[in-house]
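First comes the structure, then the notes that go with it.
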Amino acid sequence: MSSVTEMTNLSVDTRVSPTDQVDHAIVLPIDWYFDPDIYAREIKVLFESGLQYVGHELMVPKVGDFKTLERFEHAQMLVRQADGGVSLISNICRHRQALMLEGAGALPHQRISCPLHRWVYGADGQLLAAPQFAQNPCLHLARTELHNWRGLLFQGDMEDTPHFDDIPLAEYFDFSGYSLDRVEMTDYPFNWKTFIEVYLEDYHVGVIHPGLKKFVSCHNLEWSYGARWSMQTVGLNPQWGNSRSAPYRQWQDELNRRHAEDSSAYPFGAIWFTYYPGLMIEWYPDVLVISTIQPTGIGQCRNMVEYYYPADIVAHQRGLIEAQQSAYHETAVEDEVICIKMQQGRRALYRDGKNETGPYQSPLEDGMRHFHRFLRKNIDSKTTVMAQISIK
């Protein structure tokens, strides 16, 4: 996979001039956030095809471990097999379609047992026992083999597999020696694309994020692009010890204690990677975060966030974990405010039959522009094909 990296120098004047017009061939019209037909195409083309992230292998670190997945409403689970691989297995009993397990842990004797009638399955999903049946009905649990990249597990067509290792700085997404601390889920009252748009623009950071803007520096922002992904890298802010945010100050204090106040131990302030439509992998000093945005309706979405830390931090530095997550939550709440205001304004325009769009600020909104171009290419082109098929 080829990529393009753009070096940014924000010391030059990047203000939008009168000649910077709205690029109507790329920017999304207002109806793309409310039209049921557009939403249906997005689900079919973007979320039900290609590679889909399901979880990380660190969710099931030992043989026989299981983790039911909230993203599938616990209908599927990850199970660590005897050969060390991880499978995606149905969590719905083949007898009376009951959910069998919930949460995470170790399978007793590496068996999956339905609490209703005690049908018993092996860790590989094979039906082992069906009490009071003369013969084994041989109704096994559906099992999906997964593609593994640095522990991230994907289901879907291998032909759509991007060359992740060709991504610049991919080595920073190395989960070796890390442990999963927690997974949390948040529901939002706005279109899923709005979440990704805010994630892919740094124009608002200096205005909205008093803590984050003192932690990272967008003055050395760099962008990298692929056909289906984009990446932002930002440096540590030289003034990071002067944050007005209590959570960020505490996080910085914990990091200083860990590395004896040597900030040079961290080559970046953050790396933000997005694999479209909704997978985000984030590197920060001594933490890796995976989040996935899922549409739950035209005007609703859900974000699943997974926090991973070096094992020694999990064992001995709980204060750093709590501080980092508190700072992360602060920024997430601030982003939520932006997204809700954008949803409210766009809904008012859509209700009145108006379409108003603005220009992209370059380089701070270049990622949003790349995302919109991706959507135009995939939704518009697929829409034409689908329309032709329906006419025939």
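Some values worked out for this structure:
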{"quantity": "Qualifying residue in the range 244-254 (condition: in the same structural domain as residue 177 (by TED's automatic domain parsing), within 15 Å of residue 170 (Cα to Cα) and surrounded by fewer than 21 Cβ atoms within 10 Å (Cβ to Cβ))", "calculated": "no"}
{"quantity": "Close pairs (9 angstrom Cβ cut-off, 6 or more residues apart or separate chains): closer than 17 Å to residue 192 by Cβ in the range 12-41, at pLDDT below 95 and assigned to a helix (DSSP H, G or I) anywhere", "calculated": "32/379; 37/383; 38/379; 38/383; 41/379; 41/382; 41/383; 41/386"}
{"quantity": "Test: residue in the range 145-157 that is closer than 30 Å to residue 317 by Cβ, among the aromatic types (Phe, Trp, Tyr) and under 20 Å from the mean Cα position of the chain (by Cα)", "calculated": "yes"}
{"quantity": "Test: residue in the range 162-181 that is free of Cβ contacts under 8 Å to residues at least 40 places away in the same chain and in contact with a strand residue (DSSP E or B) (Cβ under 6 Å, 6 or more places away or on another chain)", "calculated": "yes"}
{"quantity": "Check on residue 322, acidic (Asp, Glu), in the same structural domain as residue 181 (by TED's automatic domain parsing) and modelled with pLDDT of 95 or more", "calculated": "yes"}
{"quantity": "Check on residue 191, touching a helix residue (DSSP H, G or I) at 6+ places or on another chain (Cβ under 8 Å) and crowded, with 18+ Cβ neighbours inside 10 Å", "calculated": "yes"}
{"quantity": "Complete set of residues in the range 258-277 that are in a helix (DSSP H, G or I) and either surrounded by 19 or more Cβ atoms within 10 Å (Cβ to Cβ) or touching a residue at least 12 places away in the same chain (Cβ under 8 Å) (or both)", "calculated": "258, 263, 265"}
{"quantity": "Filtered residues of the range 341-374 (kept if in a helix (DSSP H, G or I) and among the hydroxyl-bearing types (Ser, Thr, Tyr))", "calculated": "350"}
{"quantity": "Number of positions in the range 352-380 that are of a type in the set (Val, Ile, Thr) and either touching an Asp or Glu at 6+ places or on another chain (Cβ under 7 Å) or more than 18 Å from residue 201 (Cβ to Cβ) (or both)", "calculated": "1"}
{"quantity": "Set 12, 60, 22: member being of a type in the set (Val, Ile, Thr) and modelled with pLDDT of 95 or more", "calculated": "60"}
{"quantity": "Those residues of the range 102-140 which are at pLDDT 95 or above and charged (D, E, K, R), in sequence order", "calculated": "111, 118, 124"}
{"quantity": "Strands (runs of 3 or more DSSP E) lying entirely in the range 155-254 (those with 3 or more residues that are among the acidic types (Asp, Glu))", "calculated": "178-188"}
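Yes or no, residue by residue, for (1) in a loop (DSSP other than H, G, I, E, B); (2) surrounded by fewer than 16 Cβ atoms within 10 Å (Cβ to Cβ):
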| position | (1), (2) |
| --- | --- |
| 118 | yes, yes |
| 121 | no, no |
| 131 | yes, yes |
| 137 | yes, yes |
| 140 | yes, no |
| 144 | no, yes |
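The values are calculated or read from the model by the stated rules, or taken from the named source; none is laboratory data. All values reported here derive from a predicted model rather than from experimental measurement. Note: ideal-geometry Cβ built from the backbone for every residue, glycine included; neighbour counts use all protein chains shown.
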